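Worksheet for the structure shown next.
The values are calculated or read from the model by the stated rules, or taken from the named source; none is laboratory data. All figures in this text were calculated on a predicted structure; none of them were measured in a lab. Here the Cβ is made from the backbone with ideal geometry for all residues, glycine too, and neighbour counts use every protein chain on show. The accessibility values were calculated without ligands, DNA or RNA, using every heavy atom of the protein model including side chains. Shrake-Rupley method; radii C 1.70, N 1.55, O 1.52, S 1.80 Å.
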Amino acid sequence: MASVPSLASTLQQQLADALTAALPDAGTADPLLRRSDRADFQANGILALAKKLKGNPRELASQVTAALPAGDLIKDIEVSGPGFLNITLTDRAIVETLAARAADGDRLGVPPKAAPGTTVIDYAQPNVAKEMHVGHLRSAVIGDAMVQILEFTGENVVRRHHIGDWGTQFGMLIQYLFEHPDELRHEGDQADGEAAMSSLNRVYKASRVLFDSDEEFKARSRDRVVALQAGDPETLAHWQRFVDESKIYFYSVFDKLDMEIDDPDIVGESGYNDMLEETCRILEETGVAVRSEGALCVFFDDVKGPDGNPVPLIVKKTNGGYGYAATDLSAIRDRVRNLKADTLLYVVDARQSLHFKMVFETARRAGWLNDDVKAHQLAFGTVLGKDGKPFKTREGTTVRLEDLLDEAVERATAVVREKAEKVGLSEEEIVENGRYVGVGAVKYADLSTSAVRDYKFDLDQMVSLNGDTSVYLQYAYARIRSILRKAGDAKPAAHPELDLAPAERALGLHLDQFGAVLEEVAEGYEPHKLAAYLYQLASHLTTFYDQCQVLSDENPAEVVENRLFLVELTARTLHQGMKLLGIRTPERL
Ligand code: ARG
C-alpha cells in the first residue's frame with residue numbers, strides 16, 4: 001500500500017514552508033489554497049497574514065514565491081490582485097502523481113487512517129411484523145454507504161440493526177397466535193419474503209380487530225405482555241416466530257436492494273431487555289433521572305412543550321414499562337462498554353431528532369458519553385411524492401418498498417434494452433444490468449442530496465441518462481471499459497514527458513482529489529459529497545471525450561497510451577466510488 005499525497009497537499013506544504021521561511025516570526029500560517037479558474041490553484045492566505053503583520057501583501061507574496069523550492073511541481077506562479085498567488089502545476093507532476101495512484105490497486109493511493117477508532121453504526125432498522133417503508137430505505141441506503149466509506153478509511157465498524165422487535169404491541173400478536181396457531185406460516189416453508197409479509201399482515205390485522213372489539217381478548221393480550229417480559233418460554237417461542245418470519249421478509253427486501261445484512265448484526269430492541277432495569281437504577285441513583293408523577297424522567301432546560309412546561313424523556317413509565325428511550329440508553333451502554341465504541345452513529349429519520357438529542361444528553365450526564373466517546377445522529381429527511389407531500393400511494397397508504405424497487409428495475413431494464421442490441425447484450429445481461437441500473441438509480445437519488453433534506457421520489461428523473469443520475473455514471477464507466485476493450489494491443493501507460501491538453505489536466509486534477517474528498521465525506525458523514533465528486537468526474541470525462549480522441553490513428557503511440565492511462569484510472573475511481581455508495585458498475589451497458 002502506497003500513500004500518495006495529493007498535489008494540493010504537497011503544494012500546501014511547500015507554500016506553508018515558504019511562508020515560514022519568508023516570515024520566521026509568523027508562526028504556522030495557512031496559505032489557504034483552493035482550486036481556481038485562473039490557474040490550477042490560488043493561495044489567498046498571504047493577504048490576511050500581511051494585514052496582521054502590517055506588511056505589503058504583494059511584497060510578501062513575492063518573498064514567498066522566492067522561498068519556494070525549485071522542483072518539478074510548479075510550472076508557473078504569479079502574484080495577482082492585492083496579493084494572491086496563482087499557481088499552475090507542471091503536467092509532469094500531474095501525470096506522475098496519477099501514475100503512483102494507479103500503481104496502488106483498489107486504494108488508489110488513499111492511505112488508511114493512522115489511528116482508526118471504532119464506530120458503531122445503527123442503520124437499517126425495520127420493525128417486526130410491519131411492512132418496511134421508504135424511511136427504512138433511506139436508513140439502509142445511507143447507512144450502508146457510510147459503513148463502506150468508513151471501512152475504506154480504515155475505521156473499525158460495527159453494524160447494528162436496531163429492529164423494533166419488542167414492546168406492548170407484541171402482547172396482542174402473540175396472544176392471537178396462541179389462539180390461532182395455524183394462521184402464521186410454518187417454518188420450513190419456502191423463504192419467500194412476500195408470502196411472509198402477507199401472512200404477518202393478515203395476523204396483524206386480525207389480531208387488531210379482535211383487540212379493538214373484544215374486551216376479554218384485550219385483557220388476555222395485556223397478560224401476555226407481562227408473560228413476555230417475564231421471559232415465559234412458550235410466550236417467547238411464539239414471539240420468536242414473528243421475528244423469524246419478519247426476518248425472511250427483511251432479507252428479501254435487503255436482497256432486492258443488493259445489500260448485505262448479516263444476522264449477528266441484527267440486535268433489536270429485545271437484545272437490551274436484560275439491561276433496562278440496571279440502566280434505570282443507575283440513572284435514578286446518580287440523580288440524572290427523577291420520579292415525576294410515578295414515572296422515571298429526565299428533564300432538560302431547553303425542551304419544552306407548546307404550553308411552556310418541560311417535556312421529559314421518560315425512561316420508565318408509570319405502569320413500570322420501559323420504552324424506546326430506556327432501550328436506546330441501554331444500547332449506548334452496551335456499545336460503549338462491550339463493543340468499545342468511541343463513536344456512535346445513528347442513521348435515523350430527522351423526525352426522531354428530539355428523541356436522540358435527549359437520549360445523548362442523558363447519556364452524557366450519566367458519563368456514558370464524553371469527550372472521548374461521541375454520538376451523532378445522521379438525520380435524514382422525508383421522501384416526498386411528485387406532489388411534494390410525503391410519499392404515499394394513490395390510495396394514501398405507505399408505498400411498499402418491494403413495489404417501488406420492482407418498478408425502478410422495470411423502468412431501468414427498458415432503458416438498458418433500448419441500447420442492448422448496439423452493445424450486443426444477451427437477455428441475461430439485460431436482466432442483470434436492469435437490476436443494477438434500477439437499484440443504483442434509487443440509491444443514488446437517495447445519496448446525492450444532503451441527507452437531511454427532503455427529496456422527491458421521481459423514477460423518470462432517476463433513470464434518466466442525462467443529468468446527475470447513477471445511470472449517467474454507469475454509462476461513463478461502461479464507455480471507458482468499451483474503449484479499453486477496443487484498444488487492442490495499445491495498453492494504458494503513463495507518459496509524464498507529454499504535454500497535457502486542458503481537458504486532460506482538468507480530469508487529472510480532479511482524479512487526484514479522490515482521497516481528500518473521501519476524508520471529508522467520512523469526517524462529516526456526508527455521502528452526497530462523494531456522489532457530487534463522482535458526477536463531476538463523469539462530467540470532466542465527457543468534456544475530455546469532446547476535446548481529445550483516445551484511439552485515433554493520428555495520435556502518436558505515447559498519446560494513445562497516456563490517454564488510455566487517464567481513462568482507465570477514471571474508470572477505477574468511478575468503480576471504487578460507486579462501490580462505496582453501494583452501486584454496481586456493469587462492464588457493458
Ligand atoms: N425501528 C425504528 C423505526 O422504524 C428505528 C430505530 C432507530 N434506531 C434506534 N436506535 N432508535 O423508526
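Would it be correct to say that Asp274 is farther than 30 Å from Val315 by Cα and more than 14 Å from the ligand (Cβ to nearest atom)? Step through it out loud before you land on a result.
Numbers: farther than 30 Å from Val315 by Cα: no; more than 14 Å from the ligand (Cβ to nearest atom): yes.
Considered against the rule, which asks whether it is farther than 30 Å from Val315 by Cα and more than 14 Å from the ligand (Cβ to nearest atom), Asp274 comes out as no.
Taking helices (runs of 4 or more DSSP H) that do not extend beyond the range 46-155, which have at least 3 residues that are within 16 Å of the ligand (Cβ to nearest atom) and within 30 Å of Phe457 (Cβ to Cβ)? Walk me through how you get there before you give the answer.
Numbers: elements: 57-67, 91-102, 134-152.
So the answer is 134-152.
Those residues that are surrounded by fewer than 20 Cβ atoms within 10 Å (Cβ to Cβ) and in contact (Cβ under 8 Å) with a residue 24 or more places away in the chain, I need them from the range 136-151; list them, please. Walk me through how you get there before you give the answer.
Step one: of the range 136-151, the residues surrounded by fewer than 20 Cβ atoms within 10 Å (Cβ to Cβ) are 148, 151.
Hit for the range 136-151 is Gln148, nothing else.
Rundown of residues vs (1) at pLDDT 95 or above; (2) within 26 Å of the chain's Cα centre (by Cα); (3) closer than 20 Å to Val442 by Cβ, yes/no style:
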| position | (1), (2), (3) |
| --- | --- |
| Tyr475 | yes, yes, yes |
| Leu484 | yes, no, no |
| Leu498 | yes, no, no |
| Leu509 | yes, yes, no |
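Under 8 Å between Cβ atoms, at least 6 apart or on separate chains: pull out the pairs that start in the range 116-130 with a residue that is at pLDDT below 95 and end on any residue that is within 11 Å of the ligand (Cβ to nearest atom) and open to solvent by less than 10 Å² (accessible area, probe 1.4 Å).
Lys130/Gly164
Of the residues that make up the range 194-204, is at least one loosely packed, with under 14 Cβ neighbours inside 10 Å, farther than 23 Å from Met275 by Cβ, among the acidic types (Asp, Glu) and in contact (Cβ under 8 Å) with a residue 40 or more places away in the chain?
Checking the range 194-204: at least one residue is loosely packed, with under 14 Cβ neighbours inside 10 Å, farther than 23 Å from Met275 by Cβ, among the acidic types (Asp, Glu) and in contact (Cβ under 8 Å) with a residue 40 or more places away in the chain.
Would you check which residues across the range 90-126 are under 24 Å from the mean Cα position of the chain (by Cα), of a type in the set (Val, Ile, Thr) and open to solvent by 20 Å² or more (accessible area, probe 1.4 Å) and list them?
Result: Thr118, single match.
Within the range 476-501, how many residues turn out to be open to solvent by less than 40 Å² (accessible area, probe 1.4 Å) and touching a residue at least 60 places away in the same chain (Cβ under 8 Å)?
Residues meeting the conditions: 15.
Is it fair to say His133 is crowded, with 16+ Cβ neighbours inside 10 Å and either among the basic types (Lys, Arg) or in contact with a Pro (Cβ under 9 Å, 6 or more places away or on another chain) (or both)? Full working, then the answer.
On the way: crowded, with 16+ Cβ neighbours inside 10 Å: yes; either among the basic types (Lys, Arg) or in contact with a Pro (Cβ under 9 Å, 6 or more places away or on another chain) (or both): yes.
Against the criterion (crowded, with 16+ Cβ neighbours inside 10 Å and either among the basic types (Lys, Arg) or in contact with a Pro (Cβ under 9 Å, 6 or more places away or on another chain) (or both)), His133 qualifies.
Which of the residues belonging to the range 409-429 are hydrophobic (A, V, I, L, M, F, W, C) and either more than 28 Å from the chain's Cα centre (by Cα) or open to solvent by 50 Å² or more (accessible area, probe 1.4 Å) (or both)? If you could, list the steps in order and put the result at the bottom.
To start, the set of residues in the range 409-429 that are hydrophobic (A, V, I, L, M, F, W, C) comprises 409, 412, 414-416, 420, 423, 425.
The answer is Ala414, Ala420, Val423, Leu425.
Between residues in the range 235-251 that are in a helix (DSSP H, G or I) and residues that are open to solvent by 50 Å² or more (accessible area, probe 1.4 Å), which pairs lie under 6 Å by C-beta distance while being six or more apart or on different chains?
Partner pairs satisfying both residue conditions: Ile248/Ala191.
Can you name the number of the only condition in (1) under 25 Å from Ala451 (Cα atoms); (2) assigned to a helix (DSSP H, G or I); (3) within 16 Å of the ligand (Cβ to nearest atom) that Glu402 fails?
Checking Glu402 against (1) under 25 Å from Ala451 (Cα atoms); (2) assigned to a helix (DSSP H, G or I); (3) within 16 Å of the ligand (Cβ to nearest atom), the one that fails is (3).
For the range 348-380, what are the residues that are without any contact (Cβ under 8 Å) to a residue 12 or more places away in the chain and either within 12 Å of the ligand (Cβ to nearest atom) or touching a strand residue (DSSP E or B) at 6+ places or on another chain (Cβ under 6 Å) (or both)?
none
Pick from Lys386, Lys317: which is away from the ligand (no atom under 16 Å from the Cβ), touching a residue at least 60 places away in the same chain (Cβ under 8 Å) and not aliphatic (A, V, I, L, M)?
Values: Lys317 fails: touching a residue at least 60 places away in the same chain (Cβ under 8 Å).
None of the others qualify; the one that does is Lys386.
Residues Ala29, Ala50, Ala2: which one is open to solvent by less than 80 Å² (accessible area, probe 1.4 Å), modelled with pLDDT under 90 and closer than 30 Å to Val157 by Cα?
Numbers: Ala29 fails: closer than 30 Å to Val157 by Cα; Ala50 fails: closer than 30 Å to Val157 by Cα.
After ruling out the rest, the residue left standing is Ala2.
Looking at Ala350, Ala326, Ala341, can you tell me which residue is open to solvent by less than 40 Å² (accessible area, probe 1.4 Å) and either β-branched (Val, Ile, Thr) or over 25 Å from Thr118 (Cβ atoms) (or both)? Explain how you work it out, then say what you get.
Numbers: Ala326 fails: either β-branched (Val, Ile, Thr) or over 25 Å from Thr118 (Cβ atoms) (or both); Ala341 fails: either β-branched (Val, Ile, Thr) or over 25 Å from Thr118 (Cβ atoms) (or both).
Result of the check over Ala350, Ala326, Ala341: Ala350.
Listed residues Glu260, Glu293; which is open to solvent by 60 Å² or more (accessible area, probe 1.4 Å), under 28 Å from the mean Cα position of the chain (by Cα) and not aliphatic (A, V, I, L, M)? Step through it out loud before you land on a result.
Working: Glu293 fails: under 28 Å from the mean Cα position of the chain (by Cα).
So the residue among Glu260, Glu293 that is open to solvent by 60 Å² or more (accessible area, probe 1.4 Å), under 28 Å from the mean Cα position of the chain (by Cα) and not aliphatic (A, V, I, L, M) is Glu260.
If I go through the range 408-433 residue by residue, how many of them are assigned to a helix (DSSP H, G or I), at pLDDT below 95 and of a type outside the set (A, V, I, L, M)?
4
Here are Arg224, Arg220: which of them is over 28 Å from the mean Cα position of the chain (by Cα) and open to solvent by 50 Å² or more (accessible area, probe 1.4 Å)? Full working, then the answer.
Values: Arg224 fails: open to solvent by 50 Å² or more (accessible area, probe 1.4 Å).
One residue alone meets the criteria, Arg220.
Restricting to the range 434-460, give me the number of residues that are in a helix (DSSP H, G or I), more than 18 Å from the chain's Cα centre (by Cα) and under 16 Å from Pro390 (Cβ atoms).
Total meeting the criteria: 0.
Please go through (1) within 16 Å of the ligand (Cβ to nearest atom); (2) in a loop (DSSP other than H, G, I, E, B); (3) open to solvent by 20 Å² or more (accessible area, probe 1.4 Å) for Arg159 and return the number of the only condition it doesn't satisfy.
Just one mismatch for Arg159, condition (2).
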